[in-house]
Every structure is written in C-alpha cells, then in structure tokens.
Amino acid sequence: MSAFRRSGLTEQDLSDWASYARQITPLPGRVLPPPPAVLPIVADPLPQPVRSLPLRPPPRPSPFVSIGDQPGGLDNASWNRFRAGKLPPARTLDLHGRTAQRAFQALQAFLHTAQADGVRCVEIITGRGSGEAGGVLRRELPLWLNLPGLRGLVLAAAHPHAANPGAVRVLLRRPR
C-alpha cells in the first residue's frame, strides 16, 4: 500500500472517461454529465501509530503449587477441610501401571475435563513406589501440576492422609 493517496483525477483518468462517455447514449430527456475537473494530487501524511491500552492487565503467573502448602486466596477453614481429607473428591484418577508419558497425558485430559465439568476436588493416585523417594509418578506429579498447561487449573494439592503419600487430592480453580 502506498503512502500517497490521490484526491484528484490524472490526465489519463480524464482521457479514459472521455473515451467511455463517447460510447454512451443518454436516456431520453437527459444529457451527458460534464467531464470531471482536474484536481491536484495531494500526498497524505504518514499515519501516526495508534497506541492502544490493553483491555485488562495480563494474568499474573500463579505461584508454585507445593503439595501440602496452603495457597493464597483460600481461607483457613476451607484449607483445613481440604487438607484433612474431609472434602470428598468428585472424581479419581488411578495412574498405577502407566508409563510416565501415558500417565502425564491421562492427567492432562483428566484435569481439563474435570474443570470443564465444574468439578472442584479430584484425587490422583500415583502409588507409593518402591524406592526411598517413592515411584516415578509420585516424584513427577508435583512437577506436572506446575507446568504451564496445568498450573492455571490447580489451586491447591495435599495428601488426604499423612499415612498415604501415594494419593494426592487436587483442588481445582473455578472456571471463569
């Protein structure tokens, strides 16, 4: 697109109009309009960039989800009920027997579906694992919950009972 805009007709435009107008027969009682006048060509100034303000501020990155730590924005009574296992999970996902890749894919689909359905609390069973630090799924779950694709869904995570570190209850954010 050119920065120049014509505000008048050139000699070529007038010549083309005259040759076209010679081929036209006016309607009965009408006369041909006179040819347009030649106006000088004026260049428009370059447009100034328009500075727009964002409609709302960009979302702040959510803080890191740590299993068993109370998040900001959740009152003490709700947190204590959730942490003590008194808030029953609406759905459960058992990851036993899955590879890490398949478990992660199942977790993503499970959490997205649960939040879309308006579920508030879910339980994820990873199992205890056989090593000192637990199994692969148990070690990876906190990392997965903090990935960008899932972090916005999760409000809090806690073990429902201190004697069962192989299960994690997740409190999902309400959909907006």
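Would you mind checking which residues have amide H under 5 Å from Leu93's amide H? H placed 1.01 Å from N; only 5 or more apart, or other chain.
Residues meeting the amide H criterion: Glu123, Ile124, Ile125.
Taking H placed 1.01 Å from N in the peptide plane, check which residues at least 5 places from Val154 or on another chain put their amide H under 5 Å from its amide H.
Close amide H contacts, sequence-distant or interchain: Arg173.
Report, as a whole number in µm² per second, the diffusion coefficient that Stokes-Einstein gives for the range 71-176 at 20 °C and 1.002 mPa s using the Kirkwood radius over alpha carbon pairs.
Values: Rh = 14.0 Å.
Once the numbers are plugged in, D ends up at 153 µm²/s.
Restricting to Cα pairs below 8 Å that are 6+ residues apart, what does the relative contact order work out to for the range 75-140? Please round to a whole percent.
36 percent
Can you tell me which of 17-28, 96-107, 118-129 comes out highest on packing, and rank the rest after it, using the mean Cβ neighbours within 10 Å?
Values: 17-28: 8.9, 96-107: 14.2, 118-129: 17.2.
Ranking the peptides 17-28, 96-107, 118-129 by packing returns 118-129, 96-107, 17-28.
Could you give the length gained by full extension between Arg128 and Arg81, i.e. 0.36 nm per residue of separation minus their alpha carbon distance, to one decimal place? Display every interim value, and only then the final one.
Numbers: separation 47, 0.36 × 47 = 16.92 nm, distance 2.34 nm.
Gain on extension, Arg128 to Arg81, equals 14.6 nm.
All of the numbers you see were taken from the coordinates with simple rules; none came from a lab. Model, not experiment: these values are computed from the prediction. Methodologically, a virtual Cβ is constructed for each residue, glycine included, from the backbone with ideal geometry; neighbour enumeration extends over all protein chains shown.
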